[in-house]
Structures are given as C-alpha cells and as structure tokens.
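The values are calculated or read from the model by the stated rules, or taken from the named source; none is laboratory data. What you see is a predicted model, and the numbers here were worked out from it, not measured in a lab. So basically every Cβ, Gly included, is an ideal-geometry build from the backbone, and we count neighbours across all protein chains shown.
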Amino acid sequence: MDIKGKTAIITGATSGIGRVTAMTLARRGAELVLPVRSTEKGEALKKEIRDKTGNASVEVMSCNLASMNSIRQFAEAFREKHDRLHILINNAGIWEMKRRQSDDGIEMNFAVNHLAPFLLTNLLIDIIKASAPARIINVSSMIHKQARILCSMCIIRSIGIPGGKKPWPKPAKKISRCW
Ligand SMILES: NC(=O)c1ccc[n+]([C@@H]2O[C@H](COP(=O)([O-])OP(=O)(O)OC[C@H]3O[C@@H](n4cnc5c(N)ncnc54)[C@H](OP(=O)(O)O)[C@@H]3O)[C@@H](O)[C@H]2O)c1
C-alpha cells in the first residue's frame, strides 16, 4: 500500500512498538503526527526520525492519554491544522500493577488502555471517514485475558466514595451489575 503523503497519528511513539512503527511509516513517506506526554522525548524522536529517514514531515504534539482534557485539547489542535487523517494507530499502552488514578479519577490501566483510544477515535472519527480509504489500528495485548475488572473499585472510586465503605448509591450498583 502506498502511504506516501498520508497523514498518520501514532500514540506511544516515544518507545517500543510505536517507535518502530513511526520510523517505518516515516521511511515510507507518511506525514506523522505524534501525540506525546513528554515534549522533550518527542522532540528528540522527531530529530532522530528526520536524521534516520530523511522525512521532515514529523509533528510532535502534546497529549497525556491519562487526561481526557488533554486528549480533547490534542484533538482540537490537530483539527485546527489538518483536515485529513488516513491512519490512526492507538498504540500507547501501559501495564501498571500498583493502583493509580488518572487525572479524571479513573483507574490508570483502564483510562490509558481503553478509554483514551475510545475517546481519541471518537473525537477524530468524522475526519477519518472523510479521508477514506483510511484505517484505525488498535494495538492490543493478551494480558487482558489475565485481568478481571473489579467494577465496584472502578465505579465507586471514580465517583469519589472513599474506599467504597459507604453503601453504594443505586446508580453505581446498577452500572456495576451491567458492566
Ligand atoms: N511489548 C510487548 O511485548 C507487547 C506485547 C503485546 C502487546 N503490546 C502492546 O503494544 C503496545 C505498545 O507496547 P510497548 O511495549 O511498545 O510500549 P512501551 O515501550 O512501554 O511504550 C509505551 C508508550 O506509551 C506511551 N504512554 C504511556 N502512557 C502514556 C500517557 N499517559 N500519555 C501518552 N503516552 C503514554 C509511552 O510514553 P513515554 O515514553 O512518555 O513513557 C510510550 O511511548 C501497547 O498497547 C501494549 O499493550 C506490547
């Protein structure tokens, strides 16, 4: 497939699979937009891609996938500059054993691995459709097979009831049952 001149967003391009993907697409002539949480890492990557591939169409933009506000800001900033998106690669993923919460009070693995790509894709879906033929690629992991979602933990904590000690409000019970 000829991807020369196609616009591609790759999340998590500063490391691992995302990094190799970014290099490969750059070599094949794609125009890259890289949402990164560390601008320092992003700028270093941009330079490396330019040096190694000769492709100067690399744009680094700030986006913390652990913050819905940051994802919205990224999508808005992207749309201000671009009216086409041919490839969206939701690659960034984490595996945290210790419980942490995102900026929105959501368990971190769930926020970054599931909600972030869902939100980002939805914020860009119209522009992707308008760019057809276009592709959305979600990079996944078999780790999810070993995981169990403790609905009470996700929901009770995200709506701010300390430790879930108080009786659950009816809506929370309902949501956790049908999760
Ligand atoms: N590696 C494997 O063996 C393997 C196996 C199966 C599936 N996968 C899947 O492949 C994908 C990539 O895995 P990988 O091992 O290549 O990942 P990795 O090397 O750990 O890199 C993760 C990337 O995600 C970024 N990231 C993490 N949290 C972020 C946040 N809150 N906001 C923005 N960016 C964030 C990181 O940015 P920073 O550089 O700023 O940390 C980094 O660029 C993941 O979805 C993973 O589940 C990997």
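Miscellaneous remarks
- Filter pass, Ser70 being assigned to a helix (DSSP H, G or I) and at pLDDT below 95: no
- Residues of region 44-88 classified as over 26 Å from Lys129 (Cβ atoms) and among the basic types (Lys, Arg), total: 4
- Only one entry in Ser57, Ser62 is over 20 Å from Lys6 (Cα atoms) and of a type outside the set (A, V, I, L, M, F, W, C), namely Ser62.
- Residue check, Leu124 touching a residue at least 60 places away in the same chain (Cβ under 8 Å), within 14 Å of the ligand (Cβ to nearest atom) and touching a Phe, Trp or Tyr at 6+ places or on another chain (Cβ under 9 Å): no
- Look at region 130-141: where a residue is in contact (Cβ under 8 Å) with a residue 24 or more places away in the chain and a partner is part of a helix (DSSP H, G or I), sitting 6+ places away or on another chain with Cβ atoms under 7 Å, you get Ala134/Ile128; Ile136/Thr121; Ile136/Ile128; Asn138/Pro117; Val139/Ile17.
Conditions (1) more than 17 Å from the chain's Cα centre (by Cα); (2) at pLDDT 95 or above, marked per residue:
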residue: Ser15; (1), (2): no, yes
residue: Thr21; (1), (2): no, yes
residue: Gly29; (1), (2): yes, yes
residue: Ile49; (1), (2): yes, yes
residue: Asn55; (1), (2): yes, yes
residue: Leu65; (1), (2): no, yes
residue: Ala77; (1), (2): no, yes
residue: Ala92; (1), (2): no, yes
residue: Arg99; (1), (2): yes, no
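- Subset of region 7-47 (residues that are charged (D, E, K, R) and either touching a residue at least 24 places away in the same chain (Cβ under 8 Å) or within 13 Å of the ligand (Cβ to nearest atom) (or both)): Arg19, Arg27, Arg28, Glu31, Arg37, Glu40, Lys41, Glu43
Per-residue answers, yes or no, for (1) within 12 Å of the ligand (Cβ to nearest atom); (2) surrounded by fewer than 16 Cβ atoms within 10 Å (Cβ to Cβ); (3) not assigned by TED's automatic domain parsing to the domain that holds Glu43:
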position	(1), (2), (3)
Asn55	no, no, no
Val58	no, no, no
Ser67	yes, no, no
Glu76	no, yes, no
His82	no, no, no
Ile87	no, no, no
Asn113	yes, no, no
Leu120	yes, no, no
Pro133	no, yes, no
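- Region 109-164, subset among the basic types (Lys, Arg) and modelled with pLDDT of 80 or more, residue farthest from Lys81 (Cα to Cα): Arg135
- Filtered residue count, region 93-109, keeping only those that are farther than 15 Å from Met68 by Cα and within 9 Å of the ligand (Cβ to nearest atom): 3
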